[in-house]
2 protein chains.
Amino acid sequence: MALNRLKSIAQQVTGSSPPPHPFDPLTNVEIEKAVEIVRRDHVKLNFNAVTLREPAKKEMLKWLEEPSQTPRPLRIADVIAIAPGGKVCEGLVDLKNETIIKWEALEGVQPLITMEDLQIVEHIVRKDPKVIEQCVLSGIPKEDMHKVYCDPWTIGYDHRFGNTVRLQQALMYYRPHVDDSQYSYPLDFCPIYDADKQEIIHIDIPEVRRPVNQAKPNNYHVDAIEKEGGYRTDIKPIHITQPDGVSFKVDGRVIDWQNWKFHVGFNYKEGIVLNNITYNDKGAVRPTFYRLSLAEMVVPYGNPEHPHQRKHAFDLGEYGGGYMTNSLSLGCDCKGAIHYMDAAFVNRAGESTTIKNAICIHEEDAGILFKHTDFRDESVIVTRGRKLIVSQVFTAANYEYCVYWVFHQDGTIQLEIKLTGILNTYAMNPGEDTKGWGTEVYPGVNAHNHQHLFCLRIDPNIDGPNNTVFQVDATPGAGAVGSKENPYGNAFFAERTKYSKVSEAISDYDGVTSRTWDMCNTNKLNPYSHKHVSYKLVSREVPKLLPKEGSLVWKRAGFARHAVHVTKYDDDQLCPAGRHVPQTSGEPSRGIPEWIADGEASIENTDIVLWHTFGITHFPAPEDFPVMPAESMSLLLRPRNFFTKNPALDVPPSYCSTPSQIANKSQVLDAADKVSKLAVVGSAA
Amino acid sequence: MALNRLKSIAQQVTGSSPPPHPFDPLTNVEIEKAVEIVRRDHVKLNFNAVTLREPAKKEMLKWLEEPSQTPRPLRIADVIAIAPGGKVCEGLVDLKNETIIKWEALEGVQPLITMEDLQIVEHIVRKDPKVIEQCVLSGIPKEDMHKVYCDPWTIGYDHRFGNTVRLQQALMYYRPHVDDSQYSYPLDFCPIYDADKQEIIHIDIPEVRRPVNQAKPNNYHVDAIEKEGGYRTDIKPIHITQPDGVSFKVDGRVIDWQNWKFHVGFNYKEGIVLNNITYNDKGAVRPTFYRLSLAEMVVPYGNPEHPHQRKHAFDLGEYGGGYMTNSLSLGCDCKGAIHYMDAAFVNRAGESTTIKNAICIHEEDAGILFKHTDFRDESVIVTRGRKLIVSQVFTAANYEYCVYWVFHQDGTIQLEIKLTGILNTYAMNPGEDTKGWGTEVYPGVNAHNHQHLFCLRIDPNIDGPNNTVFQVDATPGAGAVGSKENPYGNAFFAERTKYSKVSEAISDYDGVTSRTWDMCNTNKLNPYSHKHVSYKLVSREVPKLLPKEGSLVWKRAGFARHAVHVTKYDDDQLCPAGRHVPQTSGEPSRGIPEWIADGEASIENTDIVLWHTFGITHFPAPEDFPVMPAESMSLLLRPRNFFTKNPALDVPPSYCSTPSQIANKSQVLDAADKVSKLAVVGSAA
Ligand SMILES: [Co+2]
Ligand SMILES: [Co+2]
């Protein structure tokens, strides 16, 4: 592994390596080359992002079809930078021909906040006299300013400041001791930070003041637990091993596993990107999805009091799910036999950086895949399933999001997201009423209601790029009980509504009808069912956007107004809340609302993208504090009428006997794993 | 293990064993004793069920409180039998005093169909001249009657036959070869079987005839797969081991694991029953649920044509989730270190029988339990979770249901159900239109639309038996955008609706508001949040009952009309569709609709039961055939405002570093499992 990596770096340096796959993220070498080319014309820049400009789909589909006959798509770097004085500019760099092919200055937009941007703010607030004054008013002596912390958030949008100045809001906290969790000690005021001037330009101070919490610390680290009685000692280890190695193959970033083949990309904004996902159906390599990614998210908080309306982070568009990603660690985040991939980024200074082990790829046992027993003779088949998981974990200030892309042997792709980390908290006085906008999760700690709304970008490629979406609702048949067409009243069917144009596809979830959405290739019928080959989106955690129509969140997070939007494919439409999200006013709404336009564009039997917003509404409870046990949500992309039979029938069973074997007492297939054992159980008595 | 079992049997026989726990199912010895006592007065009986009559809750709560000070509840057998001539009778037998304490003959009811009842029918249909005639008409030579099979189903209710005669409907199939799956060869007629006379009394014959399918077999056993190219060979083993043993203790049938303690019962109807579930909250043993079980289910099919309206099996009430349970096998159904429990039943002749390994109890790794990284210095905690799973698999003719009761370290109880097995199928002619009521999953095979609706019986005991249910809906705050109370339009809150009386609690799911239900102890507030201690029912797979109001299913499956009903606790109310389900007409509706009565009973701050109907609507596709990859659904019982903090904080972390450790470069906690390894990946090239 280490050797391979050294070899790969050496190859990059000497140029002797095979060229990167066109979907591969820019390498460290390519990032530095892009910076060098930009610097030839633009000397003084702070870099915000240097990332792969993905090849045009049309060009790429051709190349994927016949890589040896087709010119390899160029490696293009997509560069965003900020010049001294705050001038934002962006451009495209052709890495092969070493030319800047596009460069422009932008007005009235702010690119996302990087980790470096975030890191600076805390140092500034600690030294700001007005902040110190407020800390003293909160009961913190000025010599304790090193105990004051802040989580710098994008400002959302504040009409008082607009978007010409690059701003952050500093959510303030106090730590009695450096190892205490500051989220038990929220402060009640909120400084506004100017990133260009690197100074505090304003402090929002509430009418009712709330001095710093006097409760004792509420920690989760080792010392704290030891003091409270120590760790439980009764959990015996579980070992998960693959003595013969893993079942997947890796070619660069292309993964080959159980008939699935796909490319694992990664960028600073979306994190993991899965491209060109195909399924080998008995020799026929069938495309399923051209591209899958988490494209955006928004976390609106529900406290109506100023300035909490500004708390509605777009964690991907405003911070970057790639930039915030964790370096994962063996036996902690991931158990078993693990393949990691690193991530390369640019820093402010234009150097390349690496997050080691940004992506984890591993297999897990998936329980019973299928089973059937014939009740006549107990002839039986039982087959265990396996899944392949491509995952990352990112930390968005207080919260962590664990993202798992799961491939199943039955042709299903699952996206599971676990939420953990720490609640965003605000100060409250003893006896103060939360008014229902939050929960006192610990004395003096108010955790506000909020939603976590994710936007999944699905670029379907169901046996080809020309697809059509149908809404499917489980619906009782026509006719009253006793009628000719429904004599017993038991009739029901799958009501299918075709989305012919963009306006028709603007749709909400309906739990009563168990609504799903079929992405179909209407040019191809399943030979048995005579229904369109399709993948079905099955998603059950689909709350309504609770901020009202016309509210700031509603305006800025246009994607979140509905569960599903469908647009015609466009290479430039990757970011459902706009390319540059911080400080957008929502007037006009960026991203999906722009692309919808008059809604008249045809989305029938053409290259389309389905945008799906899902998530949870989180009413905090003390159980979520001081660190929150992971809460999981999950959605499925299931093949329906895509295969002619269960595609996993050839997964070797653990046990299989047939009626004739039982009748003849002949040998049956017993391939049960011989490592599982009866438990030796101690008595509780 | 084997030795323990021998010892336990020996103890039972010699009477030297400790007395059973009052919740323990009847032992084989007790079953035979009950039969013997009944036979003293009632010589000629075919036994339908001999099961534990669970102790009265009032009595049992006292005993659980102070077992040493309280008389041990008597062991009572609940006996159901059928006398020659079809007379149904039932009674209670006091096993200690060896007396029949209640005995009565029943009119107009039919107890459930046992496996023995089912097994007989196929032999009868094969010999019936009218059935043979229909087979010949279908294209099956009469000398091939040994190739004719049937799945005997309860008849549902057919007004032509009523409920005084015990009936089954025989869903007919053909197997070209004994090892072929008959579900590819459904026959189009349906004999009606009289269980008392053991003869066919009628055959339902459709107007349009459909001769037996001419398609080639569609099998899933080893030979078939070998013929089609063989099994995939690229799945490497995953070994799951617990070298130091398991983390749970077993005392009889009481399981003790990670602060949880509960009794695992089992009966012929519900299968697994979990009783007296408590959580040890730092020394305080706190009750959570008195009893949890899957109490009923119904599978209505949506084809309106006669006689398909009769297909709406109540798999628990009409067949028994215990009676149909599989004997599980190590390394196949269950992987890792497994503790099994057997199940004892009575047979028709009054002998006791045993299903070995009916219940599986084991632990699994549960991924990240919680994690947080401080973005300032990368100090981090990551703790892996563990879960304990109590499971069974039962086979209901064509389908299998895998039931997993999952205990989590964060205080959550999860019920997961996997559906696998084989679709119920019906014949169709080439080119025939399914009219939307089904899918041609294989040439000549029509799989009808259907729902799987389960009824979970929740007997909450949230810090005591007096509980109250609140409906919780995520709701935008009052006031338009710009109003004084909601200036930014972002306000939202958890709207709580108290269910004071039974009629108010009749409620449906609402996906738009992410509706949940809180089971609260209103007599106790969380000391931090000042909210009622509670467990929340979080369930997202809650389709509407699609058969219409007034239809047969609607009348018979009253529990399925709504997602939630709440009733006042009653020892006699265990079966939401009635105690004897087969051939009920639904006039009047049995079970919950009876118990609701005028809806006026108070359910506020008293001993209550919450009945929750959930499930899926299944529109079949070829992917589900010839055997269906498991489809999973899941619901949660989550502690909210029950604990004062995350109750799993004392689970040992895999890795934990603090800011001061990082600053001082001092030793951090690294307890990552040392068995996980980097994958050695072969190249796909
Ligand atoms: Co949250
Ligand atoms: Co089904």
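The values are calculated or read from the model by the stated rules, or taken from the named source; none is laboratory data. Given the structure is predicted, the values throughout are model-derived calculations rather than measurements. Virtual Cβ from ideal backbone geometry, glycine too; neighbours counted across all protein chains shown.
General observations
- Criterion: in contact with a strand residue (DSSP E or B) (Cβ under 9 Å, 6 or more places away or on another chain), among the basic types (K, R) and more than 13 Å from every other protein chain (Cβ to nearest Cβ) - qualifying residue of A:R166, A:R175: A:R166
- Counted residues, segment A:293-327 - those being within 16 Å of the chain's Cα centre (by Cα), over 25 Å from A:E32 (Cβ atoms) and within 12 Å of chain B (Cβ to nearest Cβ): 2
- Single match in B:T412, B:T434 (criterion: over 30 Å from B:H263 (Cα atoms) and either modelled with pLDDT of 95 or more or away from ligand 1 (no atom under 16 Å from the Cβ) (or both)): B:T434
- The lone exception for B:A494 - which of (1) within 16 Å of ligand 1 (Cβ to nearest atom); (2) aliphatic (A, V, I, L, M); (3) under 30 Å from A:N641 (Cβ atoms) it fails: (3)
- Every pair of residues 6+ apart whose Cβ atoms lie under 7 Å, when the first sits in segment B:495-506 and is more than 26 Å from A:G302 (Cβ to Cβ) while the second is among the hydroxyl-bearing types (S, T, Y) and in a loop (DSSP other than H, G, I, E, B): B:A505/B:Y499
- B:G91 being crowded, with 18+ Cβ neighbours inside 10 Å and either assigned by TED's automatic domain parsing to the domain that holds B:V165 or in contact (Cβ under 8 Å) with a residue 40 or more places away in the chain (or both): yes
- Within the set A:H580, A:H618, A:H612, the sole residue that is modelled with pLDDT of 95 or more and in contact with a His (Cβ under 7 Å, 6 or more places away or on another chain) turns out to be A:H618.
- Set side by side, the residues B:I235, B:I201 differ, and just one is closer than 30 Å to A:V246 by Cβ, without any contact (Cβ under 8 Å) to a residue 60 or more places away in the chain and of a type in the set (A, V, I, L, M), which is B:I235.
- Checking B:P191, B:P176, B:P206 one by one, the residue that is more than 20 Å from B:K311 (Cα to Cα) and touching a residue at least 40 places away in the same chain (Cβ under 8 Å) is B:P176 and no other.
- Once segment B:200-235 is narrowed to residues that are in a helix (DSSP H, G or I) and surrounded by 16 or more Cβ atoms within 10 Å (Cβ to Cβ), the residue that is nearest to the chain's Cα centre (by Cα) is B:V222.
- Here A:I235 does not fit the description of being of a type in the set (A, V, I, L, M), within 30 Å of A:N521 (Cα to Cα) and out of contact with any helix residue (DSSP H, G or I) (no Cβ under 8 Å at 6 or more places or on another chain).
- Of the strands (runs of 3 or more DSSP E) lying entirely inside segment A:81-198, those containing at least 1 residues that are of a type in the set (S, T, N, Q) span A:99-106, A:148-154, A:167-174.
- Residue-level check: of (1) surrounded by fewer than 21 Cβ atoms within 10 Å (Cβ to Cβ); (2) in contact with a strand residue (DSSP E or B) (Cβ under 8 Å, 6 or more places away or on another chain), A:I124 misses just (1).
- When residues in segment A:356-381 are screened for being away from chain B (no Cβ under 11 Å) and touching a Gly at 6+ places or on another chain (Cβ under 9 Å), 2 of them pass.
- Failed item in (1) in contact with a Phe, Trp or Tyr (Cβ under 6 Å, 6 or more places away or on another chain); (2) in contact (Cβ under 8 Å) with a residue 12 or more places away in the chain; (3) within 16 Å of ligand 1 (Cβ to nearest atom), with A:E623 passing the rest: (2)
- Residue among A:G578, A:G550, A:G599 that is within 16 Å of A:F314 (Cα to Cα) and either touching a residue at least 40 places away in the same chain (Cβ under 8 Å) or more than 16 Å from ligand 2 (Cβ to nearest atom) (or both): A:G578
- Index of the failed condition, A:L669 passing every other in (1) touching a residue at least 60 places away in the same chain (Cβ under 8 Å); (2) away from ligand 1 (no atom under 16 Å from the Cβ); (3) of a type outside the set (K, R): (1)
- Within segment A:635-664, the residues that satisfy the criterion of being within 30 Å of B:R384 (Cα to Cα) and either out of contact with any Leu (no Cβ under 7 Å at 6 or more places or on another chain) or within 16 Å of ligand 1 (Cβ to nearest atom) (or both) are A:L636, A:R638, A:S654.
- Leading residue by the ranking (farthest from A:E440 (Cα to Cα)) among those in segment B:508-525 that are facing chain A (nearest Cβ under 10 Å) and surrounded by fewer than 22 Cβ atoms within 10 Å (Cβ to Cβ): B:D508
- Residue pairs whose Cβ atoms lie under 6 Å apart, separated by 6 or more positions or on different chains, with the first residue in segment B:442-464 and of a type in the set (F, W, Y) and the second crowded, with 22+ Cβ neighbours inside 10 Å and assigned to a strand (DSSP E or B), are B:F454/B:L294; B:F454/B:M297; B:F454/B:F614; B:F454/B:G615.
- The set of residues in segment A:610-641 that are more than 7 Å from every other protein chain (Cβ to nearest Cβ) and part of a loop (DSSP other than H, G, I, E, B) contains only A:P620.
- Some residue of segment B:563-572 being within 11 Å of another protein chain (Cβ to nearest Cβ), assigned to a loop (DSSP other than H, G, I, E, B) and in contact (Cβ under 8 Å) with a residue 40 or more places away in the chain: yes
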